[in-house]
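Below you'll find the structure, written out as structure tokens, and then a few comments.
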Amino acid sequence: MTRHDAERVWRNFLARLDNQSLVLKIPFLLSAILVGLMSVGFAAASERATELFLDIVKHWPYFPLFLTPLALVGSRWIVLRFAPAAAGSGIPQAIAALDLADEKPGLLYRLLGLRILVVKILSNFLALLGGGVAGREGPMVQI
């Protein structure tokens, strides 16, 4: 696709939107951008934690004997103490929250709220920093 084609597609897109529909779509567009940025940031933090662990192992090969248990216990403690709903992969919590959103509106925020987001990111980072194996896909769904 050339630049001219992209400009033409963009102009056609804008021509089809009237001001009212654009105003109604702005919150959704901003939310999508925010979720995308959070996912990229989460992935970058996860990669950085793994790199830090590998650097530690390179310089102090026996340090993980102490670091790994402390990091994993610390990660688990953060989850249990601050947001038990952040435990696990996050996919079952997201499915349950969406299935029950109409029946129990408060459940959505308890399973997918800001506290869950922060705890999920911190605990995952700490687990990876300690050499733990933690996937990013499940937590990204919950985030």
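Check off (1) within 15 Å of the chain's Cα centre (by Cα); (2) part of a loop (DSSP other than H, G, I, E, B) for residue 38 and give me the number that stays unchecked.
(2)
Taking the criterion of being surrounded by fewer than 19 Cβ atoms within 10 Å (Cβ to Cβ), more than 23 Å from residue 44 (Cβ to Cβ) and among the hydrophobic types (A, V, I, L, M, F, W, C), would at least one residue in region 108-117 satisfy it?
Yes, region 108-117 contains a residue that is surrounded by fewer than 19 Cβ atoms within 10 Å (Cβ to Cβ), more than 23 Å from residue 44 (Cβ to Cβ) and among the hydrophobic types (A, V, I, L, M, F, W, C).
Which residues, counting only those in region 30-46, are touching a Leu at 6+ places or on another chain (Cβ under 8 Å) and farther than 16 Å from residue 118 by Cα? Please lay out each step first, then the result.
Let us first name the residues in region 30-46 that are touching a Leu at 6+ places or on another chain (Cβ under 8 Å), namely 38, 46.
None - no residue of region 30-46 is touching a Leu at 6+ places or on another chain (Cβ under 8 Å) and farther than 16 Å from residue 118 by Cα, so the list stays empty.
Right, residue 5: more than 30 Å from residue 118 (Cα to Cα) and either at pLDDT below 80 or polar (S, T, N, Q) (or both) or not? Before you say what the answer is, go through the steps one by one.
On the way: more than 30 Å from residue 118 (Cα to Cα): yes; either at pLDDT below 80 or polar (S, T, N, Q) (or both): no.
Against the criterion (more than 30 Å from residue 118 (Cα to Cα) and either at pLDDT below 80 or polar (S, T, N, Q) (or both)), residue 5 does not qualify.
Looking at (1) assigned to a helix (DSSP H, G or I); (2) in contact with a Pro (Cβ under 8 Å, 6 or more places away or on another chain), which one does residue 65 not meet, given that it meets all the others?
Among (1) assigned to a helix (DSSP H, G or I); (2) in contact with a Pro (Cβ under 8 Å, 6 or more places away or on another chain), residue 65 violates only (2).
When region 85-98 is examined, which residues are found to be in a helix (DSSP H, G or I), aliphatic (A, V, I, L, M) and surrounded by 14 or more Cβ atoms within 10 Å (Cβ to Cβ)?
We begin by selecting, within region 85-98, every residue in a helix (DSSP H, G or I); these are 85-86, 91-98.
Among the residues that remain, those that are also aliphatic (A, V, I, L, M) are: 85-86, 91, 94-98.
Those that are in a helix (DSSP H, G or I), aliphatic (A, V, I, L, M) and surrounded by 14 or more Cβ atoms within 10 Å (Cβ to Cβ): 85, 86, 91, 94, 96, 97.
One line per residue, one yes/no per condition, for (1) surrounded by fewer than 11 Cβ atoms within 10 Å (Cβ to Cβ); (2) touching a strand residue (DSSP E or B) at 6+ places or on another chain (Cβ under 7 Å); (3) without any contact (Cβ under 8 Å) to a residue 24 or more places away in the chain; (4) not hydroxyl-bearing (Ser, Thr, Tyr):
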site	(1), (2), (3), (4)
37	yes, no, yes, yes
45	no, no, no, yes
52	no, no, no, yes
75	no, no, no, no
79	no, no, no, yes
83	no, no, no, yes
100	no, no, yes, yes
120	no, no, no, yes
123	no, no, no, no
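The values are calculated or read from the model by the stated rules, or taken from the named source; none is laboratory data. The structure displayed is predicted, hence computed values, not measured ones. No Cβ is skipped: glycine too gets one built from the backbone with ideal geometry, and neighbour counts run over all protein chains shown.
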